[in-house]
Amino acid sequence: MPNKLRQELPPAAHKYFYARERTLTEQLAAIGSLVSAPQPVGGLVQAFHENLEAAIRVAETPTAVAIAAAFPPKARRSKLGSHDLVLRLGTGPREEPRPHVSKEESLDVLQAYHALLSVGGAGDIADLVTDPLRQGTVLLWAALEYAANEAFAQLFERVPAILRSESPDSLRLHKLLSIKTADALTLEAPGAWFAENRRRQSYYPLRALVSHVFPAHDKLLTAFANREVELCAARRNVIAHRAGLVDAKYIALSGESLKVGSLIVVTPRTFSLQVAAIAIAAGELVVATVQRLDNGAR
């Protein structure tokens, strides 16, 4: 008999991910309340919640001002370890005057630094000096990436027939995942393979994967097609790969009145809209994954 995983989800669980009139902090708490749910539900939510928390903390903290003072421009491109970062934020001699940085703020900075490294950042101090709303956007997209990776890893591990098959659906999936069918049929641990090989997910391949695996989940498909989700991914790419300087492709997509080469702007309202859209996408993905695990292979 299939596991009745849906019984482990609170009624209308996906509603926990909808912002409505909540502040970012309240939204984070609402999603966090699901982390304690039985597995695999709690694990699916936790993968998203931890990274969402990092994104919101970076976006809302005033610590970026302290970092800017702690690292003069000539030092910002240096790659420093955790110990060096703490020393710079501590009480040692300084090249320039520095505002007071509390222990709590130092820990926030350290967490943000490691979060950037964990999603493939170069570890440049400049990554932490720039506008916190821009860096929050990078971490926000990473939150959805991690949620998707956890969801598909669990799904493929618990229902391996999705991958280990030569059905038309599976053959199409192999193509989407860039794996040879012969290799897919011999995977001993499909979930572990996916987790190891699909750590980074850009928007369009991820949306195609979601559409293929969950073709009947209209709310999920709508959530991933949301323009704010697409723009969050586009902003993340501009910030991570172009130092925040927009190109013609981004301007055409966003419709923003910017010149090529100008610095991308992420306002508090833009960030809040992104959080709401990304959270809904993650919430619908959790529900769809649990339903699919409940039903087993199609």
*Taking the stated definitions as given, is Glu196 acidic (Asp, Glu) and at pLDDT 95 or above?*
no
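Just checking, does the stretch 264-283 include any residue being farther than 19 Å from Leu139 by Cβ and of a type outside the set (A, V, I, L, M, F, W, C)? I'd like the intermediate steps shown before the answer.
First, the residues of the stretch 264-283 that are farther than 19 Å from Leu139 by Cβ: none.
Checked against the condition, which is being farther than 19 Å from Leu139 by Cβ and of a type outside the set (A, V, I, L, M, F, W, C), the stretch 264-283 yields no hits at all.
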*Go through the stretch 261-275 residue by residue and tally those that are modelled with pLDDT of 90 or more and in contact with a Phe, Trp or Tyr (Cβ under 9 Å, 6 or more places away or on another chain).*
1
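Take the conditions exposed (fewer than 13 other Cβ atoms within 10 Å of the Cβ), within 26 Å of Ala288 (Cβ to Cβ) and either under 20 Å from the mean Cα position of the chain (by Cα) or among the basic types (Lys, Arg) (or both) and apply them to Asn197. Does it pass?
Values: exposed (fewer than 13 other Cβ atoms within 10 Å of the Cβ): yes; within 26 Å of Ala288 (Cβ to Cβ): yes; either under 20 Å from the mean Cα position of the chain (by Cα) or among the basic types (Lys, Arg) (or both): yes.
When the stated conditions are applied, Asn197 passes them.
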_List the residue pairs whose Cβ atoms are under 8 Å apart, where the first residue sits in the stretch 222-233 and is over 13 Å from Ile280 (Cα atoms) and among the small types (Gly, Ala, Ser), the second is modelled with pLDDT under 95 and outside any helix (DSSP H, G or I), and the two are 6 or more positions apart or on different chains._
Ala233/Ser202
_Looking at the stretch 131-143, can you tell me whether even one residue there is out of contact with any Lys or Arg (no Cβ under 9 Å at 6 or more places or on another chain), assigned to a loop (DSSP other than H, G, I, E, B), at pLDDT 90 or above and more than 17 Å from Leu293 (Cα to Cα)?_
no
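Could you tell me how many of the residues in the stretch 138-167 are aromatic (Phe, Trp, Tyr) and in contact with a Phe, Trp or Tyr (Cβ under 6 Å, 6 or more places away or on another chain)?
First pass over the stretch 138-167, keeping only residues aromatic (Phe, Trp, Tyr): 141, 146, 152, 156.
Now drop any that are not in contact with a Phe, Trp or Tyr (Cβ under 6 Å, 6 or more places away or on another chain), which leaves 152, 156.
Count: 2.
The values are calculated or read from the model by the stated rules, or taken from the named source; none is laboratory data. Everything numeric here is computed off the predicted structure, so don't read it as measured data. In this analysis, Cβ positions are derived from the backbone assuming ideal geometry, glycine residues included, and neighbour counts consider all displayed protein chains.
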